[in-house]
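Here's the structure, in structure tokens; my notes come after.
The values are calculated or read from the model by the stated rules, or taken from the named source; none is laboratory data. Keep in mind that this is a model prediction, so the values were computed, not measured. Note that each Cβ is placed from the backbone with ideal geometry, even for glycine, and that neighbours are counted across all protein chains shown.
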Amino acid sequence: MGMKQHPAFAGLQNKLNADRDEYLKRLEGTQTLPPRYIDSDGMAYTPEPEHQNYLFEPDGEAELDFATAVQEVADTNVALLLRKNRDYGPKNIAQAPGGALNGLRVRMHDKLARINNLLDSGVDPENESLFDSFMDLANYALIGQLVLRGEWPNE
């Protein structure tokens, strides 16, 4: 059973669907195929039209190096999120007091307060590094996107 979709996302989803329909109409009767991309496993794929605006093709060595570094950090974050989700399960977010988004807001606020305290005080962290805190913050943002898309499980 999916979660209720956030109203702001519903409007965005309608716009993306309309953009996709327009794109598919333009492709009808042509020999042009959408561009193909390579995913992190080296597999070729064609993204959905509504996702093509988010794609990035590096222009030159420096952008390729940066894109590679970003992908490595993202892959590490995703792996951590999947491992932690196996331990916590989805209920800690889905059934948070005040709802999933409120629970995420509280967790993100706490994590940012911790980061600010460590940076402002100059104290070396005793339990988790600043890097770990930023990873958690990034993963809370990913979970928030899943919640808004109605793709975070309730059970």
Just to be sure before I move on: is L146 modelled with pLDDT under 95, out of contact with any strand residue (DSSP E or B) (no Cβ under 6 Å at 6 or more places or on another chain) and surrounded by 13 or more Cβ atoms within 10 Å (Cβ to Cβ) in the structure I sent?
yes
Within the set of pairs 6 or more residues apart or between chains, which connect a residue that is farther than 19 Å from I93 by Cβ and assigned by TED's automatic domain parsing to the domain that holds D132 inside the range 106-122 to a residue that is surrounded by 14 or more Cβ atoms within 10 Å (Cβ to Cβ) and among the charged types (D, E, K, R) with Cβ atoms less than 8 Å apart?
none
Cβ contacts < 7 Å: first residue closer than 15 Å to D136 by Cα, restricted to the range 78-90; second residue part of a helix (DSSP H, G or I) and among the aliphatic types (A, V, I, L, M), any location; separation 6+ or different chain. Result?
L80/M135; L81/L142
Would you confirm, using the coordinates I've provided, whether N139 is touching a helix residue (DSSP H, G or I) at 6+ places or on another chain (Cβ under 8 Å), crowded, with 16+ Cβ neighbours inside 10 Å and assigned by TED's automatic domain parsing to the domain that holds V70?
yes
What do you reckon, is V73 modelled with pLDDT under 95, within 30 Å of N154 (Cβ to Cβ) and among the β-branched types (V, I, T)?
yes
